[in-house]
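The values are calculated or read from the model by the stated rules, or taken from the named source; none is laboratory data. Everything numeric here is computed off the predicted structure, so don't read it as measured data. Cβ: placed from backbone, ideal geometry, glycine included. Neighbour counts: every protein chain shown.
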Amino acid sequence: MTAPHLFLIVSVIGALFTLNALRPPRHPEVLSMFFFFASWLTAELPYHHLAWQAIATVVFIAVGALHGWQGWAGLGLTLASWAGLLLLAARSRASAQGFEDSMRKVLGHDYLTRVDAARSAGWGAPLQWRQLARPLPLRPAAGVTKLTDIAYAEPGDRAHRLDVYKPADGRTKCPTLLFIHGGAWIIGDKREQGIPMMNRLAAHGWVCMTANYRLSPKAAFPAHLLDVKQALRWIREHGAEHGADPSFVVVSGGSAGGHLGALMALTANDPRYQPGFEDVDTSVQGAALFYGQYDFTNRLKLRSKGSIRFFERMIMKKKLADDPAAFAAASPIDQIGDHAPPMLIIHGSNDILIRVEEARYFADLVAKASRGPVVYAEVSGAQHAFDIFPSVRAMHVIAGVERYCDYIWSLEMQRRGARTS
């Protein structure tokens, strides 16, 4: 095969990756995971894709790719792909302002004036270009100490261990974040997700915990929820030993972790989900939820038959038609009330694994019911799992999450101070 032909093939592949990131298709469903991965990696790493396509173009031209019409067609496709990648990069940068606009819409344009000055002074720049250029591997940030594999419940196996990210300077009474990993309730590990956010928060004075939990299909719901509540129990009993303030906990998580985090926020102190530790306070003071699954009942008709069968066979171990009450009990949407704590609900507009319409519906209901500030931030152009590694978009959003968490912590400290004065 000649250089012009090879260049055309490579150009077509690169252009398809770019197009998929700009407008990821939802069908056919059998290819949805391929569309997701291709869209996710391209949209979050547009500069990296631009670099490899540029290198490939220079090499192909050097070996004579433009000596045939196929090469010129490939060059045209490549230039169009570069334009698309630059558009993706611009959308990533614009996520900073879009996120801030969502915050100000709910909290007010002056909300930053109500954040504790010591906290806001330490925020720093959201982007570190060396980290962006080499997003992997993910390690503890400077000024952060990581402790691994702490058993938080019996039997202390891999499913019941957590990691701690905390300030290295040994400060105490830090606000606390509990992160719950995603993975469709069947895969995933505490070492794989939430690390950019926990690094940033821990470097700025938070103590962050991330916990494993039992996975399906071996475990059926609500085993996953019982486990993460056990992790919260451990924080209440042992968090202070690591510098945390166990009385102020924000729960966070992505995808399945967003689902479990939402349930933790909305089922506080429900004895059904804390057998043997019913007297432990399992309330949280806030939630920051990424692209969560909020409805198991398919009331919005957003899910395919194959997706419903997955929930029935793998997660719930029963059929929706046979026990709709069980599926409602597993749905955060059905647990909403005025007891809901402050929430930040984040979802990408291009998410093809969990539809953005579900997040909008959930956020609207929570905002109407909760007495605390509820912010819905729809991240334009973002795919599912966009925050797993430190991309431009992810770091802008994570900086916004930090502002929200510091904001609700500041309000709570002011409230406690007023109550005790």
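General remarks:
- Scanning segment 64-83 for residues that are surrounded by fewer than 22 Cβ atoms within 10 Å (Cβ to Cβ) and within 30 Å of A385 (Cα to Cα) gives L77, L79, A80, W82, A83.
- The helices (runs of 4 or more DSSP H) falling completely within segment 188-302 that include 2 or more residues that are touching a residue at least 60 places away in the same chain (Cβ under 8 Å), of a type in the set (A, V, I, L, M, F, W, C) and over 23 Å from A369 (Cα atoms) map to 195-203, 223-238.
- Yes/no for V115 being in contact with a His (Cβ under 7 Å, 6 or more places away or on another chain), in contact (Cβ under 8 Å) with a residue 12 or more places away in the chain and among the hydrophobic types (A, V, I, L, M, F, W, C): no
- Check on F386, in the same structural domain as P135 (by TED's automatic domain parsing), buried (at least 18 other Cβ atoms within 10 Å of the Cβ), within 29 Å of L86 (Cα to Cα) and aromatic (F, W, Y): yes
- Residue check, I61 surrounded by 15 or more Cβ atoms within 10 Å (Cβ to Cβ) and outside any loop (DSSP other than H, G, I, E, B): yes
- When A141 is tested against (1) surrounded by 17 or more Cβ atoms within 10 Å (Cβ to Cβ); (2) touching a strand residue (DSSP E or B) at 6+ places or on another chain (Cβ under 8 Å), exactly one condition is not met: (2).
- Residue within segment 160-172 that is at pLDDT below 95, surrounded by 17 or more Cβ atoms within 10 Å (Cβ to Cβ), in a helix (DSSP H, G or I) and of a type outside the set (D, E, K, R) present: no
- Scope segment 320-376; condition over 19 Å from the mean Cα position of the chain (by Cα), farther than 23 Å from H224 by Cβ and buried (at least 20 other Cβ atoms within 10 Å of the Cβ); matching residues: P373
- Put simply, of D279, D270, D364 the only residue that is in contact with a helix residue (DSSP H, G or I) (Cβ under 9 Å, 6 or more places away or on another chain) and of a type outside the set (G, A, S) is D270.
- Residue within segment 376-389 that is assigned to a helix (DSSP H, G or I) and under 24 Å from K190 (Cβ atoms) present: no
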